[in-house]
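The values are calculated or read from the model by the stated rules, or taken from the named source; none is laboratory data. Since this is a predicted model, take the numbers as computed values, not measurements. Cβ: placed from backbone, ideal geometry, glycine included. Neighbour counts: every protein chain shown.
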Amino acid sequence: MRPKIILIVGPTASGKTGLGIEIAKRVGGEVVSVDSRQVYRGMDIGTAKVSPTTTDDLSFRGVQPPSLQRTRLPFLQGRKEAYRDLPLVVDGVVHWGIDLADPDEEFTVADFKAYAEQKIKEIVRRGQVPILVGGTGLWVSALIDNFDLTETASDPALRAELEARPLGDLFAQYKRLDPEGAEVIDRENKRRVVRALEVCLLTGKPFSTQQTRGEPKYEVLQIGLRVPREVLNERINARVDEMIARGLVDEVRTLRARYGCDVDAMTGIGYRQVCAFLDGKCSLEEAVEETKKATRHYAKRQMTWFKRDPRIQWVDRPEEVKLFPFMSLPVSPTADCA
C-alpha cells in the first residue's frame, strides 16, 4: 500500500502556508516545504519563510533533538557528508525543508526529490501525515510523478558560448525550440535559461518533455488554492511592501557582502532587484515596483503550470477543502515508503 500524502499548491501569496498548518492540525501532520528558494539559509524575508513560534522538545513525537538531527543523502557525496536539518515548529506544526543549504551551494530538483522522499518515510513512520506545501511546480511534479532525473551531461564549450550571449537572445531561441517550457521557466534567470537551451541543443528535443515518469510512490490528494487575479495582485503588492518594511534591503545587503549577487540563489525575485538597487542601477522605488511586477508574472507562470494537472482539486476558500474519504483509511506507519 502506498503512503498517503497531501499536497497544497497554488500561486505565491495565495495562502498555502496557513492552509498547510490548518490541515496538519486536523489530520496530525508534518509539513514539508516545496519551495526552491526557502532551502537557502539567510534568505528569509524575501522568500516569505515561516517563523518558528516555539522551540519545544519534539522527542515525544519521535523527532530527534536538534543536536542529533543530521541528513545524509546520496546526492551529498563529494559535497558534504551531512548537514543540519532542523525542524521549525510553527503554531504547533513541524515544518521541514527550510534552511538546508547556503546560498552559494547548488540545490537541484534531484536534491529536493531525494530529500523529500526521505522525509516522507520518516514522517509516515512516526504515524504522521506528510503535507507538502509550495509553489515550485517542477519540484512538485518530480516528486509525485517520480521523475527520472538523469541529467544530460553539460558541454563546456557550448555552455560558455551560451553564457556569453544576452539573456533576451537566449530566451527567444529557447522559446522557438520549446514553446511549452518557455511559458513556465523563469525567463529572468539566465542560469536556468542557459541550461534549458543547452539541453534542447544537445538532445534535439524540447527540455520540457524530457522528464520520464516512473511508477508513482504515493497516493496523493492534491489541493490547489485559487485566488481571483485582482485580489492576488493586491496581496502580492502588499507582501512586497511588507518585505521592504521588515528589512529586505538589509537582508540582501548582508547576503551580497558574503556571496555576491551572481550565485543562483540570489537571482530569485526580490533579491536580484534589490541587488540592482545596491549596485546603483536603479532607485529603490524602481526595484520595489520591478519586484511586484516580477512576482505577478511568476504567479501567472505558477498557475499555468498547475492548471495543466487535472488531478488538482481547486478551491476558492480553505473551508472548501474536503479531506474525506481520502483520509478515512489512514496508511499504517509501517506502509512501504520505498
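Can you find, within the stretch 17-34, the residue that is nearest to the chain's Cα centre (by Cα) among those that are within 8 Å of Val133 (Cβ to Cβ) and surrounded by fewer than 23 Cβ atoms within 10 Å (Cβ to Cβ)? Taking the candidates together, the pick is Thr17. Taking the criterion of being over 26 Å from the mean Cα position of the chain (by Cα) and either over 16 Å from Leu202 (Cβ atoms) or surrounded by 13 or more Cβ atoms within 10 Å (Cβ to Cβ) (or both), the residues of the stretch 147-160 that qualify are Asp155, Leu158. The residue list Ala265, Ala257, Ala238 contains one member that is more than 19 Å from the chain's Cα centre (by Cα) and over 22 Å from Pro318 (Cβ atoms), which is Ala257.
How many residues does the stretch 197-226 contain that are part of a helix (DSSP H, G or I) and of a type outside the set (Asp, Glu)? Residues in the stretch 197-226 being part of a helix (DSSP H, G or I) and of a type outside the set (Asp, Glu): 9 in total.
Can you tell me which residue among Arg272, Arg246 is outside the structural domain of Asp145 (by TED's automatic domain parsing) and surrounded by fewer than 17 Cβ atoms within 10 Å (Cβ to Cβ)?
Within the list Arg272, Arg246, the selection yields Arg246.
Counting only residues that are part of a loop (DSSP other than H, G, I, E, B) and surrounded by 19 or more Cβ atoms within 10 Å (Cβ to Cβ), which one in the stretch 113-144 is nearest to the chain's Cα centre (by Cα)? Checked the stretch 113-144; the qualifying residue nearest to the chain's Cα centre (by Cα) is Thr136.
Within the stretch 258-291, the set of residues being farther than 16 Å from Ile244 by Cα and among the aromatic types (Phe, Trp, Tyr) comprises just one member, Tyr259.
So which of Glu180, Glu188 is in a helix (DSSP H, G or I) and closer than 19 Å to Arg301 by Cα? Step through it out loud before you land on a result.
Working: Glu188 fails: in a helix (DSSP H, G or I).
Of the residues listed, the single one that is in a helix (DSSP H, G or I) and closer than 19 Å to Arg301 by Cα is Glu180.
For the stretch 186-212, taking the residues that are closer than 19 Å to Asp145 by Cα and in contact (Cβ under 8 Å) with a residue 60 or more places away in the chain, the one that is nearest to the chain's Cα centre (by Cα) is identified as Gln211. Of all residue pairs spaced 6 or more apart or on separate chains, those with beta-carbon atoms under 6 Å, a first member in the stretch 271-294 that is among the β-branched types (Val, Ile, Thr) and a second member that is buried (at least 20 other Cβ atoms within 10 Å of the Cβ) are Val274/Val252; Val274/Ala287; Thr291/Val240; Thr291/Gly270; Thr291/Gln273. For the stretch 1-12, name all the residues that are surrounded by 23 or more Cβ atoms within 10 Å (Cβ to Cβ) and either out of contact with any Pro (no Cβ under 8 Å at 6 or more places or on another chain) or hydroxyl-bearing (Ser, Thr, Tyr) (or both). Matches in the stretch 1-12: Leu7, Ile8, Val9, Gly10, Pro11. Within the stretch 280-301, being out of contact with any Ser or Thr (no Cβ under 7 Å at 6 or more places or on another chain) and polar (S, T, N, Q) holds for Ser283, Thr291.
Would you confirm whether any residue within the stretch 213-230 is without any contact (Cβ under 8 Å) to a residue 40 or more places away in the chain and surrounded by 13 or more Cβ atoms within 10 Å (Cβ to Cβ)? Give the derivation first.
Here is the first cut: in the stretch 213-230, the ones without any contact (Cβ under 8 Å) to a residue 40 or more places away in the chain are 228-230.
Next, only the ones that are surrounded by 13 or more Cβ atoms within 10 Å (Cβ to Cβ) stay: none.
Within the stretch 213-230, not a single residue is without any contact (Cβ under 8 Å) to a residue 40 or more places away in the chain and surrounded by 13 or more Cβ atoms within 10 Å (Cβ to Cβ).
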